[in-house]
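K.L.:
Structure provided below as structure tokens; questions to follow.
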Amino acid sequence: MQADGKSTTTAVVLAAGLGTRMKSAMPKVLHPVAGRPMIGHVMATLAQAGIDRAVAVIGEGMEAVADAAAPHATALQIDRLGTAHAVLAARDFIAANPADDLIVLYGDTPLITAETVDAMLAARQAAPQPGVVVLGFEPDDPGPYGRLILGADGSLEQIVEARDATPEQLAVGLCNSGVMVIDGARALDWLDRIGNDNAKGEYYLTDVVAIARADGAAAAVVIGDPDEVLGVNSRIELAEAEAIAQDRLRARAMEDGATLTDPLTVYFSWDTVLGRDVTVGPNVVFAPGVRVGDNVEIRAFCHLEGATVAEGAVIGPFARLRPGADLGEGVRIGNFVEIKAADLAPGVKVNHLSYVGDSIVGAGANIGAGTITCNYDGHFKSKTVIGEGAFIGSNTALVAPVTVGAGAIVGAGSAIAKDVAAGALAVTRAPQKEANGWADRFNKKRAAEKAAQKKTKDG
């Protein structure tokens, strides 16, 4: 117990599963939901709940999982002998971080919320302080899940696996999620007493309920949303988790003041930030790292990643903002425009069919249709600088490194490989030549040839 009277908590996150049903070389818990590895979601939930002492139990060769769990500690489970065995793989961490409560979660259950964690911890500390609190849920089809059998007083009497349940027990709709909180002072003792006298020879965490009750401690149940306890073991379940996460993110965006004209076609990342009065059209994708200011309009079929968009900008349709795109107030990005690693000052317009990469564009500059910043020579990236109020004509190639000065004009169809002074006109087009009557003679000749060809064919 802390000096302020609040209970302390240590968390163990089980993440050693191989996930064979995923049919992937990547550890199961690293598969992303809303752009973040599943275990990242669980660790973030713990942080939101104020739990900073957490350890992830991983298997051999899972250094990438350890990286995803950082800065939290990891413990290694050599043999996979059940859930209780996995928790005890973190014995040293648990012993070194004594707490009032020990909470056990799963790295492949990414949708659990901080509110649910808080509810479980509150139930553990509420009189008469049960020794174990289990998170239950009521699915539409309880068939394969272990059942939570309650006593007349509402306390948890036992957890029965579906394969071992009687017909009466199978009729119970309250199921075990696997998430539980255990009295921190007695957790290791109880875990050590779990045996493996079962068909698989494994040590099951669910047995802690019976052991706690045998020691005179009660067990309690907190009922959660079935969506929160969805465990991901296959690509199909991964898609289900993604759909739930997207529904949550869409709802949050609209609750925070954004308009989604066709919500089901908009896809968010876990970290997307939208300001107020943002309007998002159909079929827009927000990859990780996007921040959008107030009063921005993002039109249909845009893709944004690692980009910052300031107030009043208009994006799209069919625009792509890549990492490092930083758009100032009132910027206009039109159809089939790609921006990458570029700072666009307020009022810049890039309205059609252009690529601006590794660039700095000054306020009020206009970049015409078909403009390309040629930023890569096959070996190195170079920067293009376009000054304030400059006008870049259509179909221009700016060969970096190059600077176009403030207020300069670049004529359409130019290939600019040398710096352009402020206020200057730069044109690289070849002089126009004209042959009077040439087109008339050409057209007359070709029409006669075509007519003769047709006459021969009709023959």
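The values are calculated or read from the model by the stated rules, or taken from the named source; none is laboratory data. Quantities reported herein were computed from a predicted structural model and do not represent experimental measurements. Please note: Cβ atoms are built from the backbone with ideal geometry, for glycine as well, and neighbour counts cover all protein chains shown.
K.L.:
Looking only at region 410-459, count how many residues are over 45 Å from the mean Cα position of the chain (by Cα), among the basic types (K, R) and under 26 Å from K383 (Cα atoms).
P.N.:
1
K.L.:
Out of the residues in region 1-24 that are exposed (fewer than 14 other Cβ atoms within 10 Å of the Cβ) and part of a loop (DSSP other than H, G, I, E, B), which is modelled with the highest pLDDT?
P.N.:
K23
K.L.:
Within region 165-180, can you find the residues that are over 21 Å from I103 (Cα atoms) and surrounded by 13 or more Cβ atoms within 10 Å (Cβ to Cβ)?
P.N.:
Selection gives A165, Q169, L170, V172, G173.
K.L.:
Could you grab the pairs with beta carbons closer than 8 Å, sequence gap of 6+ or different chains, first residue in region 184-209 and closer than 13 Å to V104 by Cβ and assigned by TED's automatic domain parsing to the domain that holds L148, second one surrounded by 13 or more Cβ atoms within 10 Å (Cβ to Cβ) and among the basic types (K, R)?
P.N.:
Within 8 Å, the pairs are L188/R91.
K.L.:
Looking at region 284-301, which of its residues are within 17 Å of the chain's Cα centre (by Cα) and either closer than 18 Å to G330 by Cα or surrounded by fewer than 22 Cβ atoms within 10 Å (Cβ to Cβ) (or both)?
P.N.:
Correct list: V285, A287, P288, G289, V290, R291, V292.
K.L.:
For N395, indicate whether it is of a type outside the set (F, W, Y) and under 45 Å from the mean Cα position of the chain (by Cα).
P.N.:
yes
K.L.:
Examine region 119-138 for a residue that is closer than 30 Å to R248 by Cα, in contact with a Pro (Cβ under 8 Å, 6 or more places away or on another chain), crowded, with 19+ Cβ neighbours inside 10 Å and among the basic types (K, R), and state whether such a residue exists.
P.N.:
yes
K.L.:
Take region 342-354 and flag every residue that is closer than 15 Å to R322 by Cα and surrounded by fewer than 22 Cβ atoms within 10 Å (Cβ to Cβ).
P.N.:
Answer for region 342-354, where residues must be closer than 15 Å to R322 by Cα and surrounded by fewer than 22 Cβ atoms within 10 Å (Cβ to Cβ): just D343.
K.L.:
Name the single residue that is surrounded by the fewest Cβ atoms within 10 Å (Cβ to Cβ) among those in region 302-336 being touching an Asp or Glu at 6+ places or on another chain (Cβ under 8 Å) and among the basic types (K, R).
P.N.:
Going through the qualifying residues, I end up with R322.
K.L.:
Sort out for me the strands (runs of 3 or more DSSP E) sitting completely within region 344-459 that have 3 or more residues that are within 17 Å of R332 (Cβ to Cβ).
P.N.:
Of the strands (runs of 3 or more DSSP E) lying wholly inside region 344-459, those with at least 3 residues that are within 17 Å of R332 (Cβ to Cβ) span 349-352, 355-361.
K.L.:
Filter region 238-283 down to the residues that are within 30 Å of K23 (Cβ to Cβ) and in contact with a Gly (Cβ under 7 Å, 6 or more places away or on another chain), then identify the one that is surrounded by the fewest Cβ atoms within 10 Å (Cβ to Cβ).
P.N.:
Restricting to residues being within 30 Å of K23 (Cβ to Cβ) and in contact with a Gly (Cβ under 7 Å, 6 or more places away or on another chain), the top hit is D271.
K.L.:
Then there is this: Looking at region 234-277, which of its residues are in contact with a helix residue (DSSP H, G or I) (Cβ under 8 Å, 6 or more places away or on another chain), outside any helix (DSSP H, G or I) and free of Cβ contacts under 8 Å to residues at least 40 places away in the same chain?
P.N.:
Across region 234-277, the qualifying residues are L260, V266, Y267, T272, L274.
K.L.:
Here is a further query. Among the residues of region 139-159, which ones are touching a helix residue (DSSP H, G or I) at 6+ places or on another chain (Cβ under 7 Å) and touching a residue at least 40 places away in the same chain (Cβ under 8 Å)?
P.N.:
P139, G146, L156, Q158, I159
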